[in-house]
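Visitor: The following block contains the structure, expressed as structure tokens.
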Amino acid sequence: MNFVSNYFNWLQKNNPENSVESYPEIDEQNETSLPGVYIVGDLTGIPMLKLAADGGSKIVKRLFSGQKTTSEKANNSDIYDLVIVGAGPAGISAAIECKKRNINYIILESSRILNTIENFPKEKPITLKPDRVRLEVPLEMADGTKETLLHELTIQIERENLNIEVGTFVHKLSREENTIHIETNKKMYLAQKVILSIGKAGKSRQLKVPGELLPKVFNKLYDPGEFTGKNILVVGGGDSSLECSIALAESGNRITHSYRKEEFSRPKEENINRFNGLVEQGSIIPFLESIVTEIREEKVFLKTKEEVKAIPNDVIFILIGRELPTQLFKRSGIRMEGEKGVSWWWFMVASISFFSMLYFGKGGTAFDLFVESNTVWAKIIAYLSAPFKAPLNWDLSGYKWYSSLNFILGWAGSMVFLISGIGSLGLLARHGRTNFRTPWHAFKYTYFIGVSGFFTILYFSKSLHNTMVTAEWIESPTYWYSLFYCVTMLIFGIRRIYVRKTLYVFWQMTTLVSIQIFFLFLFPFHLYEPLILANLGTNHWAVTELFPSGKWSSFALILFWPLICGNLEVAFSGHGFLLYRLA
Ligand SMILES: Cc1cc2nc3c(=O)[nH]c(=O)nc-3n(C[C@H](O)[C@H](O)[C@H](O)COP(=O)(O)OP(=O)(O)OC[C@H]3O[C@@H](n4cnc5c(N)ncnc54)[C@H](O)[C@@H]3O)c2cc1C
């Protein structure tokens, strides 16, 4: 057993530990699963002041690019064009852009303006990144300290005279018809659109070790000057933890810094350099690859690779990040990344049963079940009771069971697909605004509905009209199946190239799609006979060796390529058998 767990640990060696933080699910327009509600700032990724401000400004430009502003249309003061939740750099930048465009907006801020920055440690150095990327930041900001940054930003915010309501905590968002209802601790606000720029400053993450609730344990450093001559342990691997160690070491404390990984990879280079400088001076003792196992009044236990060490300790700062403020999303029914809602499961069951119907129904024996039933009801009953009426044969000899099994799986797939497909259609229609919100979404779902409808009709109209032989429709549906497969690859390949505009993706998709279209459609159905058979004849060695199963061997050329690379003959004959079973 040890060997097995060691092996899996080895396999996972370079994978990130713990679970990945889940963010609200957004589309390429930053819209959440609640239509009309958008996300900007830290909640969309890298936590940086300039990126947050850039995001806030850009989203307003995008959302209101073609729209008439309030000065041109009737101003309904009850319903805001835009409610911005959170007065951090992202929310403030969005508001400045709204003001420029005469958009009827308000910022709702639960605490004070720029609360996250106000909470930075005293005299915390500010580094503004990225330098070389072109950003649209309406707020002027320069490197300095927390105090200089706050001063600079406050002057600009006062000059702009923005519409901000402080002390207003947003609990929940909901949508009724075309209006978003914003429930707060004060009153209900109504808006056509909402931007959530609430940052990530939710609850601090915990180590979950004994003693963590002792009064000497902190999750935030306000003023390093409050501590001198103390034994302090700082835990964490990000910028905040390094800056905390640096500030406390410079205030004359003895710092032990614990981090669970073997090196710091996330913090800014300047912070790592300053940290290493203090390590060299002996003001900070780093314990990499260590974890805290217990906290007591006067000491703390650190488990390193070699031993468990008891270290004298007066104060602890646990700075291992913050949990996202997920409650607001949960209360508002905003889906988080990776969350599988009811619709997801319906669509999943519908897809699997659809492919089961298509694949097994195609390969199975068809039975003449409808012939004697004249009315629609009789046909439905005949179909429902098909497994009991059909002359199935489970004899093991000569693979007689094969067709019967295919028939049963195709039938079961079709039954489940009918139910889950109708359910999925209902869900698509019910959440029509979300599912069909952009031309691409509308096209995507219409395409899938069209393709499934087409094959369902094909399956029902043909599969049960033959008697005791392999379904005669094998050829034409396979043609359509290949065609739709290739068209699907082409459409989604082009879409991927459009969304991810990199040279790598362009060539990756172009090669993948062209190879598939050639070997799965063009060659077998349109080129094999006129080019190969007509010119070489059936006895030519190239035909017998490379195409032992006729045009179907073209599928083997790419679908089973690792096999045919190893041993051409065996692989071909093995695959030939599979194709024989299919055809
Ligand atoms: C300790 C620390 C040091 C940092 N140092 C740097 C640095 O040197 N350089 C750098 O570029 N970046 C730094 N950052 C990151 C930077 O602070 C963030 O990227 C930036 O503040 C994000 O802006 P935001 O507008 O998305 O969110 P925030 O600035 O976090 O603003 C969110 C606002 O929303 C409010 N809010 C939250 N929930 C609600 C609610 N339900 N209702 C109403 N209001 C709500 C909050 O009170 C807050 O005011 C640091 C962050 C921390 C924590």
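What follows is calculated from the coordinates using simple rules that are stated; it is not laboratory data. Since the structure is predicted, the reported quantities are computational estimates derived from the model, not experimental observations. Note that we place each Cβ from the backbone using ideal geometry, even for glycine, and neighbour counts take in every protein chain shown.
Visitor: Does the range 343-439 classify as rounded, prolate or oblate by the C-alpha gyration tensor (a ≥ b ≥ c root eigenvalues; a/c under 1.5 gives rounded; else a/b over b/c gives prolate, otherwise oblate)?
Guide: oblate
Visitor: If I model a spin label at LYS305 and ARG134 as a point 7 Å from the Cα along the Cα→Cβ vector, what separation in nanometres do I get?
Guide: Roughly 4.7 nm, to one decimal.
Visitor: Here is a follow-up. Roughly how many nanometres apart are two label points built 7 Å out from the Cα toward the Cβ at THR538 and GLN327?
Guide: In this crude spin-label approximation the distance works out to 7.7 nm.
Visitor: In addition: How much length is gained if the chain between VAL4 and ILE515 is pulled fully straight, taking 0.36 nm per residue apart and subtracting their Cα-Cα distance, in nm to one decimal?
Guide: Working it through step by step, the gained length comes to 180.0 nm.
Visitor: Another question about this same structure. How many nm is it between the label spots at ALA378 and LYS172, if each spot is 7 Å from the Cα in line with the beta carbon?
Guide: 5.6 nm
Visitor: Run the reach check for LYS340 against lysines, Cα to Cα strictly under 20 Å, same-chain hits fewer than 8 apart removed. What comes back?
Guide: Within reach: LYS330, LYS444.
Visitor: Let me ask something else about it. Working out 0.36 nm times the residue gap between TRP507 and TYR222, then minus their Cα-Cα distance, what length gain in nm do you get to one decimal?
Guide: Length gained, TRP507 through TYR222: 97.5 nm.
Visitor: Rounded to whole Hz and in sequence order, give me ³J(HN,Hα) for the range 38-50 from the Karplus expression 6.51 cos²θ - 1.76 cosθ + 1.60, θ = phi - 60°, writing x for Gly and Pro.
Guide: Each residue of the range 38-50 in turn: 10, 10, 9, x, 4, 5, 9, x, 5, x, 9, 4, 5 Hz.
Visitor: Rounded to the nearest 0.05, what FRET efficiency do LYS99 and THR154 give with R0 = 22 Å and r taken as the Cβ-Cβ distance? Could you check?
Guide: With R0 = 22 Å, the Cβ-Cβ based efficiency is 0.85.
Visitor: In degrees, nearest 10, range 0 to 90: what is the angle between the Cα axis of helix 239-250 and the longest Cα principal axis of the chain?
Guide: 20 degrees
Visitor: Only sites in a loop by DSSP and with at most 11 other Cβ atoms within 10 Å count here; which GluC sites (Glu not before Pro) in the range 251-287 make the cut?
Guide: Sparse-neighbourhood loop GluC sites (Glu not before Pro): GLU262, GLU263.
Visitor: Could you tell me which trypsin sites (Lys or Arg not before Pro) in the range 319-427 are loop residues by DSSP with no more than 16 other beta carbons within 10 angstrom of their beta carbon?
Guide: LYS340
Visitor: So which of LYS172/LYS203; LYS61/LYS501; LYS99/LYS200; LYS58/LYS200; LYS172/LYS200 end up more than 24 Å apart by C-alpha?
Guide: LYS99/LYS200
Visitor: Right, another one. Measure nothing fancy, just the Cα-based angle from helix 146-160's long axis to the longest principal axis of the chain, in degrees from 0 to 90, nearest 10.
Guide: Long axis of 146-160 versus the principal axis of the chain: about 80 degrees.
Visitor: Please give the length that would be gained between TRP480 and HIS181 if that part of the chain were fully extended, namely 0.36 nm times their separation in residues minus their C-alpha to C-alpha distance (nm, one decimal).
Guide: This chain segment gains 102.9 nm when fully extended.
Visitor: A further question on this structure: Let me spell out the model: positive unit charges on the Cβ of Lys and Arg, negative unit charges on the Cβ of Asp and Glu, origin at the Cα centre of the chain. What dipole size does that give, in debye rounded to 20?
Guide: The dipole magnitude comes to about 920 debye.
Visitor: About the Cα centre of the range 285-435, what is the dipole size in debye to 20, counting +1 per Lys and Arg Cβ and -1 per Asp and Glu Cβ, all else neutral?
Guide: Dipole about the Cα centre, nearest 20: 600 debye.
Visitor: Ranked highest first by average number of other Cβ atoms within 10 Å, how do 499-510, 31-42 line up?
Guide: 31-42, 499-510
Visitor: Continuing with this model, one more query. Computed FRET efficiency, Cβ-Cβ of ARG62 and SER397, R0 45 Å: what is it to the nearest 0.05?
Guide: Computed FRET efficiency for ARG62 and SER397: 0.10.
Visitor: Could I ask something else about it? Is the shape of the range 21-196 best called rounded, prolate or oblate, per the rule: a/c under 1.5 gives rounded, else a/b larger than b/c gives prolate, else oblate, with a ≥ b ≥ c the square roots of the Cα gyration tensor eigenvalues?
Guide: Cα axes put the range 21-196 in the prolate bin.
Visitor: Distance between Cα centroids, the range 151-191 to the range 241-305: provide it in whole Å.
Guide: If you average the Cα positions of each part, the centres end up 40 Å apart.
Visitor: Write down the Å³ per residue value for the convex hull defined by the alpha carbon atoms of the chain.
Guide: Residue-normalised Cα hull volume stands at 251 Å³.
Visitor: Continuing with the same structure: Taking square-rooted eigenvalues a ≥ b ≥ c of the alpha carbon gyration tensor, is the range 149-214 rounded, prolate or oblate, where a/c under 1.5 means rounded and, failing that, a/b exceeding b/c means prolate?
Guide: It comes out oblate by the Cα gyration axes.
Visitor: In a shell of Cβ-Cβ distance under 14 Å around PHE264, excluding PHE264 itself, what net charge do Lys and Arg (+1) and Asp and Glu (-1) give?
Guide: -2
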